[in-house]
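Since every read-out is calculated from the coordinates, none of them should be taken as a lab result. Remember, it's a predicted structure, so these values are computed and weren't measured experimentally. Every residue, glycine among them, receives a Cβ derived from its backbone with ideal geometry; neighbour counts consider all protein chains shown.
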Amino acid sequence: MISLLPIILFLFTAIIVSPQISTPIHFENELKERKTQAIERIKDVRTAQRAFRAEYQRYAENFDELERFLYTNPTELRCDIEQLRYIPNSDNEFIMETRFTKTSSNRTGPFIEVRAPYKLFLDTIKYRQEIINLIDEEVNVFDRYPGIKFGSMEEANNEVGNWEE
C-alpha cells in the first residue's frame, strides 16, 4: 500500500499539470494556423479592393458591392468570391470601413480598414483565458490591434497589413 502512494501522487499530479502545459501549446498551434488562414483571406480582400479602387478611384463600401464588381470584372484574384467576406474557420465576416478623408497634406482621398479581431476567429470557449491574455498583451504591451487588419481610418498607409509591419 505504501509503495502505491508515490505512484498515485505522480498520476494525480500528471492529470492536474498536463492540461496546464498542453493548453498553451495547443493554443499557439491553433493561433498560428487560424491567423495564417485569415491573413491569406484578408490579402484576397485587399487585392479585390485595390482592383476596385483602380477602376472607380474609391473603395467598395461593403462586400456586396465588392462581390458584384468581382463577378463582372476579371481580376488576378483566384478565390471563392462568395467566401471573401468570411473569416476562415468561423461564420463571422471581416469588418470593413471605407470613407473619404482629408490627409495631413490637406488632400482628400479614399481610406479603408478591414479587420478581424482575434475573438472573431479563435475558439473563445476552449481558449478563453489564452485569448484574454493575448488581447491584453497586444493592446497594453505592444500597442497593436488585437487581430489582423490592413489599412487605417486614421492615416494613409497604402493598405499595409499589420502582419507585414
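So how do 94, 69, 142 line up by other beta-carbon neighbours within 10 Å, fewest first? Spell out each step's value before the answer.
Numbers: 94 22, 69 18, 142 9.
The order, fewest Cβ neighbours first, is 142, 69, 94.
How about residue 32: which lysines have a C-alpha closer than 24 Å to its C-alpha, ignoring those fewer than 8 places off in the same chain?
Excluding near neighbours in sequence, the set is 43, 119, 126, 149.
Residue by residue through the range 88-104, which ³J(HN,Hα) values in whole Hz follow from phi under the Karplus form 6.51 cos²θ - 1.76 cosθ + 1.60 (θ = phi - 60°), with glycine and proline marked x?
x, 6, 7, 9, 8, 9, 4, 8, 10, 10, 9, 5, 9, 9, 7, 8, 5
Which ordering of 130, 154 is given by a fewest-first count of other beta-carbon atoms within 10 Å?
Details: 130 20, 154 9.
In order of increasing Cβ crowding within 10 Å: 154, 130.
Not counting the cut sites, what is the longest span of the chain without trypsin sites (Lys or Arg not before Pro) that DSSP labels loop and that have at most 14 other Cβ atoms within 10 Å?
Segment 1-77 is the longest.
Full extension from residue 145 to residue 29: what is 0.36 nm times the residue separation minus their Cα-Cα distance, to one decimal in nm?
Working it through step by step, the gained length comes to 39.7 nm.
In debye, nearest 20: dipole of the chain around its Cα centre with unit charges on the Cβ of K, R (+) and D, E (-)?
The calculation lands at about 120 debye.
Return one number: the angle in degrees, 0 to 90 and rounded to the nearest 10, between the long axis of the Cα atoms of helix 63-72 and the longest principal axis of the Cα atoms of the chain.
Roughly 60 degrees between the two axes.
For the chain, what D do you get in µm² per second when you plug the Kirkwood radius from alpha-carbon pairs into Stokes-Einstein at 37 °C and 0.692 mPa s? Don't jump to the answer; show the numbers that get you there.
Working: Rh = 18.4 Å.
For the chosen part, D equals 179 µm²/s.
Tell me, in nm to one decimal, what length is gained between residue 153 and residue 79 on full extension, where the rule is 0.36 nm per residue of separation less the Cα-Cα distance?
Going from the current span to full extension adds 24.0 nm.
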